[in-house]
1. Could you identify the single residue in 146, 178 that is surrounded by fewer than 17 Cβ atoms within 10 Å (Cβ to Cβ), within 30 Å of residue 23 (Cα to Cα) and at pLDDT 95 or above?
2. Test each condition in (1) at pLDDT 90 or above; (2) surrounded by 18 or more Cβ atoms within 10 Å (Cβ to Cβ) for residue 80 and report the one that comes out false.
3. Kindly indicate whether residue 91 is at pLDDT below 85 and within 32 Å of the chain's Cα centre (by Cα).
4. Within the range 245-277, work out how many residues are within 23 Å of the chain's Cα centre (by Cα) and buried (at least 17 other Cβ atoms within 10 Å of the Cβ).
5. Since residue 189 meets every condition but one in (1) at pLDDT below 95; (2) touching a strand residue (DSSP E or B) at 6+ places or on another chain (Cβ under 8 Å); (3) surrounded by 15 or more Cβ atoms within 10 Å (Cβ to Cβ), which condition does it not meet?
6. So residue 13 clears everything in (1) crowded, with 18+ Cβ neighbours inside 10 Å; (2) more than 23 Å from residue 237 (Cα to Cα) except one condition, right? Which one?
7. When only residues in the range 23-36 that are at pLDDT 85 or above and at negative phi count, which is surrounded by the most Cβ atoms within 10 Å (Cβ to Cβ)?
8. Given (1) under 26 Å from residue 191 (Cβ atoms); (2) in contact with a strand residue (DSSP E or B) (Cβ under 7 Å, 6 or more places away or on another chain); (3) modelled with pLDDT of 85 or more, where does residue 61 come up short, assuming only one miss?
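The values are calculated or read from the model by the stated rules, or taken from the named source; none is laboratory data. Model, not experiment: these values are computed from the prediction. In this analysis, Cβ positions are derived from the backbone assuming ideal geometry, glycine residues included, and neighbour counts consider all displayed protein chains.
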């Protein structure tokens, strides 16, 4: 994973380290079980104080993002449940295995046929259900999904999901998926939405432009916080960044004087005329492709068979 650190920033080096590691875990730049650089190695490579690196690792351990194995190092925790991989076998082999398993269970063929008929006659899901407790983030993610797929999208908080999941394909972020699956009925499948890699998304904008004012706008407070940390660490001068909270009055003030505005997909539609928007997507291409596969499977079942 690529790391950046900016000295003299209003964001501490420790916070820059913690934020980038968390984003790396959420975007799968850092895999479960992966060993992080040692405190000494990281301090030497980036000329940081070892106590700063150690403090960042301790915070990540307290927040259960990593685990410290004494005498071995710091490792990414096994936080995200593994999704079942798509089988490489042809569909006929899958069906054959189903009947073989039924025989091993002692289920008669008539029962298998009856159950299959009931499953095939079920009403297929008719919408995605985004389950996310943060209201502002929920709006942004729902908008991204709606732009990516031609399929209805609804959203709710974690508190509402047990009674609103009927007819839905539940989806949630990696750090919410465990709680979502506990709240849903056992036979309801939920999709984990993977987060886009921040270094990959920033690659086209580095090195940081000099002498230009760049705006950052969003109605989600954590977007502004994360953007400040990452952009500072990537070399953007604090005086060259103009931050605007889109929930506040007159938030658009000054944005027309910027070279471009980094924002979420919802805020991008609310910028003043003439502003160059740089929408920063949260969902990874892998997640978008997975959502599209679900839509194709549901809406074109005959062609799929």
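1. On the way: 178 fails: at pLDDT 95 or above.
None of the others qualify; the one that does is 146.
2. Condition not satisfied by residue 80: (1).
3. Values: at pLDDT below 85: yes; within 32 Å of the chain's Cα centre (by Cα): yes.
Considered against the rule, which asks whether it is at pLDDT below 85 and within 32 Å of the chain's Cα centre (by Cα), residue 91 comes out as yes.
4. Selection size over the range 245-277: 10.
5. Going through the list (1) at pLDDT below 95; (2) touching a strand residue (DSSP E or B) at 6+ places or on another chain (Cβ under 8 Å); (3) surrounded by 15 or more Cβ atoms within 10 Å (Cβ to Cβ), residue 189 breaks only (3).
6. (2)
7. Let us first name the residues in the range 23-36 that are at pLDDT 85 or above, namely 30-36.
Now narrow it down to the ones that are at negative phi: 30-32, 34-36.
On the way: 30: 21, 31: 12, 32: 14, 34: 14, 35: 13, 36: 19.
In this case the residue turns out to be 30.
8. (1)
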